[in-house]
Every structure is written in C-alpha cells, then in structure tokens.
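*Asks:* Handing you a structure now.
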Amino acid sequence: MYAVVGDVTITDVEGDMATYLTLTYMLPTLPAERAIANVTLNLEACQLVAEDVFATFGPLLIYENNHFATILDLRTFVNPDAPLLAQIEECGSVDLTEAVRQVYAEGGRYLQLRLQFDNLPVLDNDTADAVVFLAPRLFVMSR
C-alpha cells in the first residue's frame, strides 16, 4: 500500500490537484488488565517526489479526523473541527499515545487520521509535487 500527499496530476484533468490523505486504523482490543504504553505512527518509509516538498508546502499536519466505535460508523468526510495531533517537517515517526488513549476512553475502535500540508498551493507545473508514504503503520504497544 502507498499513499500520496501534495499536489498531483490526473489523466484527463487539466492542471494539478491538491491532495490530502485519510488513514483509518482498527485499534486492537485491550484486555481489562492491559493499558496503552505508547502509540507511534510510522511515516519513515517515504519517497519525496520533488526534493523540496516540505520547503514548498510547509509542515505536514496530522489531524484526528474522527474515531468510531464500529466499522458501520465509518465516514470519510473531512472534519473541519478535527484536532491537530502533530506536525512533521520530514518523514519520520510521530507519537500518538495520548490521542489513542482518548479514543479508547471514549469507546472507539477505529482511529481516522488526516494528513495534509499546512500550505498547499497547487503549483500547476503538470508534475506531481508530493510525498509518497509506503505502508504508513500505526504501532500500538500495551503494558
């Protein structure tokens, strides 16, 4: 699996288009005697399509777009009131421990994240200016 954030070109569409990325993770069931130790979103496996993507678009913002109790509740709309969890200026890992603890506390089983650049002008250069994430993973460790 790979995912793209930035601006991209699409066949049969004139000009570049801005993109954001929505990632939805099913959180593991925790036995009553276990608690969350730490949670990491691993975005280290990435490829910069253009070398200056972060310099051009600014930091990549990571929002908790939503969380859900069941898969039937899942929605893919952009939540304009989503809390900002973190921001990065290069590919790497992000600590999401407190956000995931809150999802569990509210009875959630699915965490939906939205990744988008802070300043995303479409460059309209007929080429992709983006970061490609290869298998973005959420690691949930319990104790």
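Here, each number is a calculation from the coordinates, and none is a lab measurement. Small disclaimer: the values here were computed from a predicted structure and weren't measured. Note that we place each Cβ from the backbone using ideal geometry, even for glycine, and neighbour counts take in every protein chain shown.
*Asks:* What's the center-to-center distance, using Cα atoms, between the range 109-143 and the range 13-62 in Å?
*Replies:* 4 Å
*Asks:* Considering the dipole of the range 2-142 built from charges on the beta carbon (Lys and Arg +1, Asp and Glu -1) around the Cα centre, which of Phe133, Gln112, Ser93 is farthest to its positive end?
*Replies:* Toward the positive end, the furthest listed residue is Gln112.
*Asks:* As a test of the formula, what do you get for the chain when each DSSP H run with n ≥ 4 contributes -39,500 (n - 2.57) and the sum is divided by the residue count, at 222 nm and rounded to the nearest 500 deg cm²/dmol?
*Replies:* Rounded to the nearest 500, the figure is -2500 deg cm²/dmol.
*Asks:* How far apart, in nm, are the 7 Å Cα→Cβ label points at Arg101 and Met1?
*Replies:* 2.6 nm
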